[in-house]
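Asker: Handing you this structure, nothing more for now.
Coordinate-derived values only; no laboratory data. All of these numbers come straight from a predicted model, not from anything done at the bench. Positions of Cβ are backbone-derived with ideal geometry, glycine not excepted, and every protein chain shown enters the neighbour counts.
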Amino acid sequence: MKLSIYRRFASAVKLRMGVFRTKLSLISNKLYARLNILVLVPASMAVLWSAVVGWNYYDVRYFIAWYEKYFQPGRILDIYADPDPTFKVAYPPLTVLIFTVMYHLANTLTSDPVLQVFITKLPLVISFYLVYIVLVKKYSSTAGYLWLLNILVYSTIFTAQFDLIVSLFVLLALYYLAEKGNYTLYAVFISLSALIKHPTALLLLPPVLVLLKKRDYSLLLKYTIAVVAVTVPILMPFLLRDPRGFLEKVVFFHAKRPPQHLSIWTIPYYYVNYDLYAVPSIFMNVWLPCFLAYLLYVLLMAVREGTRDEGSFVLKYNILLLCGFLALSKVINSNYYMWLLPPTLLLFNRFKQDEKMFRSFIKIYLFGFLWIANHGFFSSFVPLVAGDPIFVFEDWNYMPSELIYLESQSSRFFRRIVMNTVFYLRSSNTLREIFNILSKTHCYILILVSLVHTAFQVYIIRLALKYLKS
């Protein structure tokens, strides 16, 4: 009798505990959903601000010239054949098409300059949210939060750079290969990314090595056909119109450029305060043999390594190739990090169970990207407050800082916000003196930023080698 009462009591307790767990689970799910909303609200505000306030005056003036000179007259295929050497089209065709089509749509729908900027940037805004959704739904909420917390994501939207679309394509490519084993979709997405920013074509190599190792030549043929089917219809009409002009503007233009921005090869130019002729000319092109040697070493390492876990293999060598390029290339802009960000967050997902490494990674991740974002602050905003000109690497000359900032804003309202902030900082003798000192010494600060950038690449490489075992 006592045993029966005990069993009934135990059963009732279990039932109550089950109900309690169910309620607790519902409460935690509600809190989790609210946390996602709370995180998304400030992120969305930052996205909206970045999407409407304006864009990078230097680049966008060329983008608009593409539209006015070639898209409007219906001669877009002639864009690389332009004989003017100062007319820059340093991007593959898909970039040109995305901007000109969106800018045309913006001009057709409205005459308001703020809305025109927003509509033109819509592919970037959509890519931002799609990357977040894929990270949260397919990987982890923490990976999604780290995406939202990265300040470079918002600066890429503001400057109207197309690297956020590359982020989406790289993430989808890695997901479909690692989770679905779909090499064809990987080829499609990486080919599309390379038609926006051509260095990402390097990411086509790791799957080729996997398929060669497996001797799966039929799948390799499908992979190759997918690459050709995506690239040829978009690339060939432009390339065949003027092959020499295409190569000159897309390839040789970058080959002739001096080192710039975050590149480690820019450090000597920072040291001599942008005096191009004070630095030995070897620094213009020494990056290429260094990178080719690194590329050969990585590919040989990949050939020797097993491929039992194909997803880990491809992810690891994507990271090694991208980090090597970002560490050794002579032209590195902060928006290039958008290529590396999805693989880095997927790498984080592999070791998130290691609590010590988890905490260390988040600290270094937040510090690294925040410090790298300082490049724009010291190279452009500091001279603006100090009243000094801004050095423009692409032209290797100085431009009036106020002109650049005023032309970069989408409306008088945003121009007034920027200049009121500047006037406020200038009104304080102490702050004005601080900004004057920073402006005069900013080259030395940028040397440190470039070194941090390079060290960050080495750190990501070490993590990939440690945690991605194929």
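Asker: Taking the chain as the reference, fit the longest principal axis to its C-alpha atoms, fit the long axis of helix 337-351 to the helix C-alpha atoms, and give the angle between the two in degrees, 0 to 90, nearest 10.
Answerer: 20
Asker: A follow-up question, please. How far apart, in nm, are the 7 Å Cα→Cβ label points at Gln353 and Leu276?
Answerer: Those two pseudo-labels are separated by 5.5 nm.
Asker: Okay, moving on. Compute the length gained on full extension between Asp216 and Leu299: take 0.36 nm times their separation in residues and subtract their Cα-Cα distance, giving the result in nm to one decimal.
Answerer: Stretched fully, the Asp216-Leu299 segment lengthens by 28.0 nm.
Asker: With 10 angstrom as the radius, rank His254, His198, His442 by how many other C-beta atoms surround their C-beta, starting from the fewest.
Answerer: His254, His198, His442
Asker: In percent, what relative contact order does the chain have, based on Cα pairs under 8 Å that are 6 or more apart in sequence?
Answerer: 19
Asker: Please compute P(r) over all alpha-carbon pairs of the range 332-464, binned at 5 Å starting from zero, and give each bin as a whole-number percent.
Answerer: Result, from short to long distances: 2, 9, 15, 17, 15, 13, 10, 9, 7, 3, 0 percent.
Asker: Still on this structure, I have one more. For the range 401-470, compute Rg over Rh where Rg is the Cα radius of gyration and Rh is the Kirkwood radius from the inverse mean 1/r over Cα pairs.
Answerer: 1.25
Asker: Can you pull the one-decimal nm distance between simple spin-label points at Lys469 and Asp84, each 7 Å off the Cα toward Cβ?
Answerer: 5.9
Asker: Please compute the Kirkwood hydrodynamic radius of the range 53-170 from all pairs of different C-alpha atoms, in Å with one decimal.
Answerer: Hydrodynamic radius (Kirkwood, Cα only) of the range 53-170 equals 15.4 Å.
Asker: Sorted by mean Cβ packing within 10 Å, highest first, what order do the peptides 337-343, 176-182, 395-401 take?
Answerer: 337-343, 176-182, 395-401
Asker: Counting alpha carbon pairs within less than 8 Å and at least 6 residues apart, what relative contact order, in whole percent, applies to the range 177-248?
Answerer: Averaging sequence separation for qualifying contacts and normalising by length gives 33 percent for the range 177-248.
Asker: Taking the mean number of other Cβ atoms within 10 Å as a proxy for protection, how do you rank 411-418, 118-125 from highest to lowest?
Answerer: 118-125, 411-418
Asker: Quick check: residue separation of Thr108 and Trp371 times 0.36 nm, minus the Cα distance between them. What number comes out in nm?
Answerer: Residue separation times 0.36 nm, minus the Cα-Cα distance, leaves 90.7 nm.
Asker: Oh, and also: Computed from these coordinates, which is Rg and Dmax of the Cα atoms in Å: (1) 30.7, 112; (2) 25.2, 101; (3) 41.3, 156?
Answerer: Comparing each candidate, only (2) matches the computed number.
Asker: How far is helix 122-138 tilted, in degrees, relative to the longest principal axis of the Cα atoms in the chain, given as a value from 0 to 90 rounded to the nearest 10?
Answerer: The angle comes out at about 30 degrees.
Asker: When the convex hull of the Cα atoms of the range 148-243 is projected onto a plane and the area is averaged over all directions, what value comes out in nm²?
Answerer: Average projection, Cα convex hull of the range 148-243: 7.7 nm².
Asker: If packing is taken as the mean number of other Cβ atoms within 10 Å per residue, what is the order of 183-189, 422-428, highest first?
Answerer: So the order, starting with the most tightly packed, is 183-189, 422-428.
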